[in-house]
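Student: Take a look at the following structure, please.
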Amino acid sequence: MTVELLVLLIVIVTALAFDFTNGFHDTANAMATSIATGALRPRVAVALSAVLNLIGAFLSVAVAATVAKGIVRLDAVQGHDLLIIVFAGLVGGILWNLLTWLFGLPSSSSHALFGGLIGATLAALGWSGVIWAAGSDGVLTKIILPAVLAPIVAALVSAIGTWLVYRITNKSDPDKVEAGFRWGQIGSASLVSLAHGTNDAQKTMGVIFLALVAHGSLTKNDEMPLWVMAACAVAIAAGTYLGGWRIIRTLGKGLVEIESPQGLAAESASAAIILTSAHFGLPLSTTQTATGSILGTGLGKGAEVRWGVMGRMVVAWLFTLPLAGLAGAVCWAIAHVIGGLPGVLVVFVILLALSALMYLRSRRDPVDTSNVNEWPGDTPVVATDPAGVAKAGDSGREDSGGGSAEPGEPTRRDASGKSGAASAEPGKSSRSAQV
């Protein structure tokens, strides 16, 4: 095995690792609201999303073509140098994904990848190595502009949809409305997952395509190999099934308290915008789109929005491109200074070490199916005996995450052991049933 082939294999493995982190980082975009409202149990939700991400990855390669041919000037660099740029950019993207996941921040995996690639390219080739604007192509047109417009448009569409939904169903039976919209959420969440596969899985395909062009296995005008599509589809589906519970909690419970009608409106808006962008080959941030949609449901209903949480998200969005770019540039510099295969291996070891540290840090405050619907700071759920006396040490937590009472609503257990909310707000239906 030649050194160049070994470097290519390391780059492909790193690309698939990024795809995996993309999967669990962005599961919340499709399933956070369905889990929060109890429309789907957490494990069922991530399994459904994983399957649909897998299918969606095969539906289009328009976004992959944008990534492969619209970021780096392929005629300005080739061979080993291009491989190192791609590798360093991937490492920068992975590290930012893991850092934001650790803090439960739904930042953009797309922008982490692009930031890493842009930073590595700038370090290697200078300003001219990046395609900033070239008609309908370039970073400005296909990345920056959609990043600004997507959350605004999503929030507007979702707010209007939410307002219409509540206006139309105002005089209907709240229990029937809640049950009907839960079923509708399963369909809309599935559509978002399918759309996510058509958009996000393609970005890693584009990066692997870049690596294959650098190695000389393909030319920039070749078709996307089927094995690349299959590998990326499986990687993102596996990551999705793992479930990024920290981010799911932030989107489902941290921004706005979601009910089923709001969830359906948010997911429908997200799916429509993501599928439209995939059709035109725009590598849209599904995270920013989904967050804008969820924010819009709160505004459309007139519900309380946690603006502090929203502010932290926006800060993360603003820093994603530059900080992922900085990480990509540093990784390229390390690999370049050491040189050859040893440089690549050193950066790869650094990636493994930092990833392990962030994972171990996350275990100090684990988030999983048992507490994904509990937002820190809310009143804990307290179980009571039939006489109404609280039981010490019993939080009343349900493993499914959706069958328990909402944070702040105490849970009572009757003689049969069944639990439910002690009281419900006027006009608010029970969430005891789940699919």
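The values are calculated or read from the model by the stated rules, or taken from the named source; none is laboratory data. Note that the structure is predicted; figures quoted are calculated from it, not measured. Heads up, the Cβs are rebuilt from the backbone with ideal geometry, glycines too, and the neighbour counts pull from every protein chain shown. Just so you know, the surface numbers come from the protein's heavy atoms only, side chains and all, with ligands and any DNA or RNA stripped out. Shrake-Rupley method; radii C 1.70, N 1.55, O 1.52, S 1.80 Å.
Student: What do you reckon, is Ile248 in contact with a helix residue (DSSP H, G or I) (Cβ under 7 Å, 6 or more places away or on another chain), open to solvent by less than 10 Å² (accessible area, probe 1.4 Å), closer than 19 Å to His25 by Cα and touching a residue at least 60 places away in the same chain (Cβ under 8 Å)?
Tutor: Against the criterion (in contact with a helix residue (DSSP H, G or I) (Cβ under 7 Å, 6 or more places away or on another chain), open to solvent by less than 10 Å² (accessible area, probe 1.4 Å), closer than 19 Å to His25 by Cα and touching a residue at least 60 places away in the same chain (Cβ under 8 Å)), Ile248 qualifies.
Student: Follow-up. Pairs, please: C-beta under 8 Å, at least 6 apart or cross-chain, first residue within 13 Å of His25 (Cα to Cα) and part of a helix (DSSP H, G or I) and in the stretch 226-243, second open to solvent by 40 Å² or more (accessible area, probe 1.4 Å) and β-branched (Val, Ile, Thr)?
Tutor: Pairs that qualify, where the first residue is within 13 Å of His25 (Cα to Cα) and part of a helix (DSSP H, G or I) and the partner is open to solvent by 40 Å² or more (accessible area, probe 1.4 Å) and β-branched (Val, Ile, Thr), are Ala237/Val51.
Student: Also, quick follow-up: Conditions: (1) without any contact (Cβ under 8 Å) to a residue 24 or more places away in the chain; (2) among the β-branched types (Val, Ile, Thr); (3) open to solvent by less than 10 Å² (accessible area, probe 1.4 Å). Thr14 meets all but one. Number of the miss?
Tutor: The one condition Thr14 does not meet is (1).
Student: If the requirement is being open to solvent by 10 Å² or more (accessible area, probe 1.4 Å) and at pLDDT below 90, which of these qualifies: Leu149, Leu164, Leu156?
Tutor: Leu149 is the lone residue from the list that is open to solvent by 10 Å² or more (accessible area, probe 1.4 Å) and at pLDDT below 90.
Student: Any idea which of (1) farther than 17 Å from Val13 by Cα; (2) open to solvent by 10 Å² or more (accessible area, probe 1.4 Å) is the one Ser217 doesn't satisfy?
Tutor: Here Ser217 clears every test but (1).
Okay, residues lined up against (1) assigned to a helix (DSSP H, G or I); (2) charged (D, E, K, R); (3) more than 29 Å from Ala233 (Cα to Cα):
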site: Ile143; (1), (2), (3): yes, no, no
site: Leu149; (1), (2), (3): yes, no, no
site: Ile160; (1), (2), (3): yes, no, yes
site: Ser172; (1), (2), (3): no, no, yes
site: Glu178; (1), (2), (3): yes, yes, yes
site: Trp183; (1), (2), (3): yes, no, no
site: His196; (1), (2), (3): yes, no, no
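Student: Name the residues in the stretch 270-315 that are open to solvent by 10 Å² or more (accessible area, probe 1.4 Å) and small (Gly, Ala, Ser), would you?
Tutor: Listed by number, the residues that qualify are Ala272, Gly300, Gly302, Ala303, Gly308, Gly311.
Student: Only residues that are in a helix (DSSP H, G or I), of a type outside the set (Gly, Ala, Ser) and open to solvent by less than 10 Å² (accessible area, probe 1.4 Å): list them for the stretch 85-110, please.
Tutor: Once the filter is applied, which keeps residues that are in a helix (DSSP H, G or I), of a type outside the set (Gly, Ala, Ser) and open to solvent by less than 10 Å² (accessible area, probe 1.4 Å), the stretch 85-110 yields Ile85, Val86, Phe87, Leu90, Val91, Ile94, Asn97, Thr100.
Student: Cβ-Cβ distance below 9 Å, separation of 6 or more or different chains: which pairs start in the stretch 342-364 with a residue that is charged (D, E, K, R) and end on one that is assigned to a helix (DSSP H, G or I)?
Tutor: If the second residue must be assigned to a helix (DSSP H, G or I), the pairs left are Arg361/Leu102.
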